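Visitor: I'd like to ask you about the structure that follows.
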Amino acid sequence: MSELEQLCSEIREYIVRCCSENPGHLASSLGAVELIVAMHYVFDTPQDKLVFDVGHQAYAHKLLTGRREAFKRNRKADGISGFPFRDESGFDVFGAGHASTSISAALGIAEAGRLQGKQEKVVAMIGDGAMSGGLALEGLNNAGDSNADLLVILNDNEMAIDRNQGAVHEYLMKVTTSTAYNKAKKHVWDRLGSGKFRDWMQNLVHKMKSSLVTRTGGNLFEAFGFRYFGPIDGNNLRAVVNALRRLKKIGGPRLLHTYTLKGKGYAPAEADPTTWHAPGRFDPESGERPAKKDAVSLYQDVFGEVLCDLAKLDPKVVGITPAMATGSGMTRFASEFKDRFFDVGIAEEHAVTFSAGLAAGGLKPYCVIYSTFAQRAYDEFIHDVALQHLPVVLCLDRAGLVGEDGATHQGAFDLASCRCIPNVTISAPKDEIELKQLLYTGLHITQGPFVIRYPRGRGEGTPWREIPFREYPVGKGEKLLDGEKVAVLALGPVANRALEAARRLKDETGLCPAVFNMRFLKPIDTAILEEASRFARILTLEDGSLKGGLFGEVSEYLSTLGHRTPLGGIGIPDRFIKQATQAEQLKMCSLDEESLYSEMSRLMKK
């Protein structure tokens with residue numbers, strides 16, 4: 001055991017050292033080290049299957065499965081993914097970029113193994129609040145009603161349920177996980193048969209057992225049909241190994257509740273796990289993080305400040321987030337407008353329908369969700385919001401290319417997926433000022449949902465705080481630059497790169513395309529499209545899926561009206577974009593200024 005404890009210490013030290021130079025998700029992985037080491041020690045991987053939830057807990061798993069050196073390039077373009085990834089390793093049996101997936105996936109793997117006669121154990125580790133997601137509860141409900149040989153490990157690092165300590169608890173844990181106890185229990189139930197007396201006895205025993213574990217949350221999981229064990233200290237390696245050894249011998253759906261300390265073993269992360277969830281670069285010795293000298297605002301901070309201003313203007317404004325308050329810039333709003341702030345947990349579907357209910361009740365909900373996570377609430381957005389013409393302002397943060405989080409987190413599909421929904425207005429600001437004005441415009445929308453999608457990272461450095469509020473006419477864009485021969489139609493911040501490239505082209509060659517900022521995808525500015533149709537060529541630009549977004553909208557418009565203007569488009573191509581910096585990803589998709597300059601130059605010379 002001492003060697004395993006030393007291994008945990010070395011893994012933790014290595015994660016801290018690597019993440020200090022190459023930023024990643026730190027605190028969650030530090031807290032899960034003992035759990036992962038114990039899982040690999042007790043189970044025979046990869047024959048036994050380990051499924052992770054919220055994949056940023058799994059750094060120790062990567063280090064234990066042959067990726068120690070590769071971890072130095074974690075989240076880099078030429079490195080490994082920051083999450084479990086099936087194409088990367090045979091030990092990664094299921095990808096885990098989003099939350100609440102592990103139980104459903106593990107149940108499917110367990111049933112597949114049973115039907116194929118495989119002798120394997122399947123373990124799902126869920127944590128970081130993922131148990132609050134609806135998919136996790138659906139998985140529990142189905143798994144508990146099955147006889148699947150499935151072990152769920154709840155990594156409870158937020159202490160939502162009080163710790164249970166003391167000799168009685170330890171004794172109950174040993175008894176309920178012992179082989180002799182479980183054999184005796186099975187023998188008793190078998191002897192009682194399947195009549196009413198057995199049902200009565202089982203119900204009585206269940207009530208007695210539940211009364212012992214009420215404070216630990218056992219009632220909830222027992223109600224789902226799981227045998228509940230714990231809680232135990234998930235950072236106590238010996239306790240975890242002993243529990244897993246016993247639970248490995250027990251069949252059926254069962255859940256081990258562990259409590260862990262997020263950031264375990266690194267004092268700064270233990271003291272402030274929110275900041276150290278993904279801290280960026282830092283000094284591993286002192287824990288000091290370099291001061292950010294760039295005064296340019298993050299889009300998320302613009303959103304947060306403006307939402308506070310709107311709440312002062314209108315008492316009906318409320319803010320909703322599915323567990324992304326800090327990342328979405330809502331910390332100040334949560335503090336200043338406590339009664340009007342709703343963090344619903346990792347539950348995107350609920351967040352959207354809850355927002356629909358708020359709107360139906362007469363309030364003005366601003367629901368902010370990362371674009372990639374909003375995909376989970378697609379049905380609710382159609383059925384509960386758009387179909388009922390409810391004026392929910394859906395703010396899609398992290399739209400477009402997001403950088404090192406990679407394929408699972410790209411906000412690539414929101415434009416294409418929302419464009420086909422009736423009653424929806426879709427907008428994309430080119431800078432901070434436009435984000436501010438679109439948020440204000442959303443305040444005046446009374447029929448149907450209003451989508452505002454904006455990117456991750458810093459804006460253009462515009463003096464947005466000094467600009468007074470102005471309502472934009474819905475469906476109207478603007479011409480940024482007069483030109484000839486080629487009309488460039490841009491949506492979102494790529495309009496700024498297009499403008500820079502066009503001006504450079506004019507300065508260097510005298511050739512200059514016209515550049516338009518579309519601002520709205522739906523309704524599209526048909527006056528701009530009519531003007532563009534008179535140019536020799538049209539080029540559309542968008543940081544979303546090229547299939548179905550702006551390029552699709554313009555193509556359909558021109559085709560429907562019989563315009564024959566040659567049309568080209570640049571956007572996110574028909575493939576998943578892997579991890580890299582945002583700048584590298586923009587270049588991969590030809591959305592950087594240099595690529596746009598080259599394409600404009602080529603088209604102007606035709």
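Read-outs: derived from the displayed coordinates by stated rules, not from any lab. These numbers were taken from a predicted model, which means no experiment stands behind them. Here Cβ is always computed from backbone atoms with ideal geometry, including for glycine, and neighbour counts include all displayed protein chains.
Visitor: Can you give the helix-only mean residue ellipticity at 222 nm for the chain, where every DSSP H stretch with n ≥ 4 adds -39500 (n - 2.57) and the sum goes over all residues, rounded to the nearest 500 deg cm²/dmol?
Guide: Working: 23 runs with 240 residues, N = 606.
The helix-only estimate for the chain comes to -12000 deg cm²/dmol at 222 nm.
Visitor: Further question on the same structure: Just to be sure I understand, if you calculate Rg and Dmax of the Cα atoms in Å for this structure, which of (1) 29.0, 98; (2) 27.0, 93; (3) 41.7, 127 do you get?
Guide: After the calculation, the listed value that fits is (2).
Visitor: Residue farthest toward the positive end of the dipole of the chain, with Cβ of Lys/Arg at +1 and Asp/Glu at -1: which of GLY129, ASN423, GLY304?
Guide: GLY129
Visitor: Of SER286, SER89, how do they rank once you tally other Cβ atoms within 10 Å and put the fewest first? Numbers along the way, then the final one.
Guide: Numbers: SER286 8, SER89 18.
Ranked by crowding around the Cβ, least crowded first: SER286, SER89.
Visitor: Order by neighbour count: LEU307, LEU137, fewest other Cβ atoms within 10 Å first, most last.
Guide: Numbers: LEU307 27, LEU137 16.
Final ranking by Cβ density, sparse to dense: LEU137, LEU307.
Visitor: Which FRET efficiency, nearest 0.05, do GLN119 and THR326 yield, Cβ-Cβ r, R0 45 Å?
Guide: Working: r = 45 Å, r/R0 = 0.99.
The value I calculate is 0.50.
Visitor: Which order, highest average first, do 520-528, 120-128 follow once you tally other Cβ atoms within 10 Å for each residue and take the mean per peptide? Don't jump to the answer; show the numbers that get you there.
Guide: Details: 520-528: 18.8, 120-128: 25.0.
Answer by packing, highest mean first, reads 120-128, 520-528.
Visitor: Right, next: If amide H atoms are built 1.01 Å from N in the plane of the peptide, which residues on other chains or at least 5 residues away come under 5 Å of the amide H of ASN157?
Guide: It is ASP128, GLY129, THR260, by chain and number.
Visitor: When ranked by the protection proxy of mean other Cβ atoms within 10 Å per residue, highest first, what sequence do the peptides 67-74, 309-316 form?
Guide: Numbers: 67-74: 16.1, 309-316: 14.6.
Highest-to-lowest ranking by the protection proxy: 67-74, 309-316.
Visitor: Could you tell me how far the Cα centroid of the stretch 455-508 sits from the Cα centroid of the stretch 511-563, in Å?
Guide: With the stretch 511-563 and the stretch 455-508 each reduced to a Cα centre, they are spaced 15 Å.
Visitor: Taking 8 Å as the Cα distance limit and 6 or more residues as the minimum spacing, I'd like the relative contact order of the stretch 299-466 as a percentage.
Guide: On the way: 337 pairs, mean separation 39.1, N = 168.
After rounding, I find 23 percent.
Visitor: Just rank ASP543, ASP233, ASP482, fewest to most, by other beta-carbon atoms within 10 angstrom. Show your work: numbers first, answer last.
Guide: Details: ASP543 30, ASP233 17, ASP482 9.
So the residues, fewest neighbours to most, are ASP482, ASP233, ASP543.
Visitor: Sequence gap at least 6, Cα distance under 8 Å: using those rules, report the relative contact order of the chain to the nearest whole percent. Mind dumping the intermediate values first?
Guide: Details: 1224 pairs, mean separation 71.0, N = 606.
Relative contact order comes out at 12 percent.
Visitor: Please determine, in degrees from 0 to 90 and to the nearest 10, the orientation of helix 299-313 with respect to the longest principal axis defined by the Cα atoms of the chain, where the helix direction is its Cα long axis.
Guide: The helix 299-313 is inclined about 80 degrees to the chain.
Visitor: To the nearest 10 degrees, how steep is helix 134-144 against the longest Cα principal axis of the chain, on a 0 to 90 scale?
Guide: Once rounded, one gets 30 degrees.
Visitor: Which of the peptides 139-146, 338-345 is most tightly packed, and how do the rest follow, judged by the mean count of other Cβ atoms within 10 Å per residue?
Guide: By packing density, highest mean first, the sequence is 139-146, 338-345.
Visitor: Moving to a separate point now. Helix 2-21 against the longest principal axis of the chain: what's the angle in degrees, Cα atoms only, rounded to the nearest 10?
Guide: Tilt of helix 2-21: around 10 degrees.
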